Amino acid sequence: MGRAVAVAALVLVTACGSPGDADRPTRPTPTTSTSAPAPSRSPVAPAAVREALRAVEEATAAAGSARVSSTTVMGSVLSMETTGALSWADGPVGRLTLTYTGGEVAESMRDLGSVSMQARLLPDAYYARLGDAFADRARGKHWVRYDHDSLDELPGGSGAQLKEELERTAPVQPLELLLACESARKAGEDRVDGRPATRFSGTLTVTELADSALKRRLTAAGVVTQSVDIWVDERNLLVKKVEKGQLKETGELRQTAFYDDYGLKVSVERPPSDDTVDFTELLDGRGGGS
């Protein structure tokens, strides 16, 4: 099939890994660091803030699942709205509906016949349904499969970026970022959807992180700087997050997500194999005609 369609599919999946939001910060793009690792420091927020964030982390992790709605703006690349349900108890699992409202990706989607896409996350793979126009160019296959283990082989660092996006689908990720952030602080009391909530904020620069594993992951995904704001309810559950960042290649990212209905059951079926094409087949031309 035409490489243009393959590339469009890759851009789409890279953009979809996390709940999208129009108020989200632009995500950093993969960046390469040639400097030696920074010496380990004793970073992190004041003890009281850290203790509060740990309580939120534990409660959110224990809940295991939630409903999500979000908006994302990533420079001129895309504007996107996402709704769905996610589980993170045993790796990211979920169903999402993504609607592209602007940017280059929306134009690519229009070329494929629809600006809306279904996505399914399973422990071993990510699936994206791209519609009938795509299927016409992919031997009738509507679904594209992205194997988690082979993401590093995707071109241009896109696989690493997708891995990071998948991590962001769960509300546990912003807590990890805040816990690694020296500037993390309690930013006051607020209301989310009419309910009381406590706000926590922090900003980090990836090159200054002491957590080497987190640093490597964010660097591979192209994150340069990141700010995180979360709102926590009386149950210690994260109900809103706003992330703002700088991507090396695409510029500013803004992302806002809302979480509710914690603990709901999330069941996801694998798409039919006879209606699915592997992304690697699209890249090497085995997935369809030119």
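Return a yes/no flag: does region 103-113 have any residue that is out of contact with any Pro (no Cβ under 7 Å at 6 or more places or on another chain), surrounded by fewer than 23 Cβ atoms within 10 Å (Cβ to Cβ) and modelled with pLDDT of 90 or more.
Within region 103-113 (the criterion being out of contact with any Pro (no Cβ under 7 Å at 6 or more places or on another chain), surrounded by fewer than 23 Cβ atoms within 10 Å (Cβ to Cβ) and modelled with pLDDT of 90 or more), the answer is no, since none of the residues qualifies.
This table checks each residue for (1) among the β-branched types (Val, Ile, Thr); (2) closer than 26 Å to PHE200 by Cα; (3) modelled with pLDDT of 95 or more.
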residue: VAL232; (1), (2), (3): yes, yes, yes
residue: ARG235; (1), (2), (3): no, yes, yes
residue: VAL239; (1), (2), (3): yes, yes, yes
residue: GLN246; (1), (2), (3): no, yes, no
residue: ARG254; (1), (2), (3): no, yes, no
residue: PHE258; (1), (2), (3): no, yes, yes
residue: LEU264; (1), (2), (3): no, yes, yes
residue: PHE279; (1), (2), (3): no, no, no
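Look through region 126-185, keep the residues that are of a type in the set (Phe, Trp, Tyr) and in contact with a helix residue (DSSP H, G or I) (Cβ under 7 Å, 6 or more places away or on another chain), and return whichever of them is modelled with the highest pLDDT. Spell out how you get there, then give the answer.
Of the residues in region 126-185, the ones of a type in the set (Phe, Trp, Tyr) are 126-127, 134, 143, 146.
This time we only want the ones that are in contact with a helix residue (DSSP H, G or I) (Cβ under 7 Å, 6 or more places away or on another chain), so: 126, 134, 143, 146.
Values: TYR126: 86, PHE134: 82, TRP143: 93, TYR146: 85.
Going through the qualifying residues, I end up with TRP143.
Since GLY188 meets every condition but one in (1) over 19 Å from ALA52 (Cα atoms); (2) without any contact (Cβ under 8 Å) to a residue 24 or more places away in the chain, which condition does it not meet?
(1)
Restricting attention to region 84-99, report how many residues are touching a Ser or Thr at 6+ places or on another chain (Cβ under 9 Å) and free of Cβ contacts under 8 Å to residues at least 40 places away in the same chain.
Taking region 84-99 as the starting set, the residues that turn out to be touching a Ser or Thr at 6+ places or on another chain (Cβ under 9 Å) are 84-89, 92-99.
Next, from what is left, pick out any that are free of Cβ contacts under 8 Å to residues at least 40 places away in the same chain: 89, 97, 99.
Summing the residues that are touching a Ser or Thr at 6+ places or on another chain (Cβ under 9 Å) and free of Cβ contacts under 8 Å to residues at least 40 places away in the same chain in region 84-99 gives 3.
Can THR99 be described as within 20 Å of PHE258 (Cα to Cα) and over 12 Å from the mean Cα position of the chain (by Cα)? Explain how you work it out, then say what you get.
Working: within 20 Å of PHE258 (Cα to Cα): yes; over 12 Å from the mean Cα position of the chain (by Cα): yes.
In short, yes.
Counting just the residues of region 114-124 that are surrounded by fewer than 20 Cβ atoms within 10 Å (Cβ to Cβ) and within 24 Å of GLU81 (Cβ to Cβ), which one comes out modelled with the lowest pLDDT? If you could, list the steps in order and put the result at the bottom.
Pass one, region 114-124, residues surrounded by fewer than 20 Cβ atoms within 10 Å (Cβ to Cβ): 114-116, 118, 122-124.
After this cut, where a residue has to be within 24 Å of GLU81 (Cβ to Cβ) as well, the list is 114-116, 118, 122.
Numbers: SER114: 78, VAL115: 84, SER116: 86, GLN118: 90, LEU122: 92.
Filtering first and then ranking leaves SER114.
Quick one: in region 196-230, which of the residues that are modelled with pLDDT of 95 or more and of a type in the set (S, T, N, Q) is farthest from GLY64 (Cα to Cα)? Walk me through it before giving the result.
Residues of region 196-230 modelled with pLDDT of 95 or more: 196-201, 229-230.
Still in the list and also of a type in the set (S, T, N, Q): 198, 201.
Values: THR198: 21, SER201: 23 Å.
Per the stated criteria, the residue is SER201.
The values are calculated or read from the model by the stated rules, or taken from the named source; none is laboratory data. These figures come from a predicted structure and were not determined experimentally. Ideal geometry is used to build each Cβ from the backbone, glycine not excepted, and the neighbour counts take in all protein chains shown.
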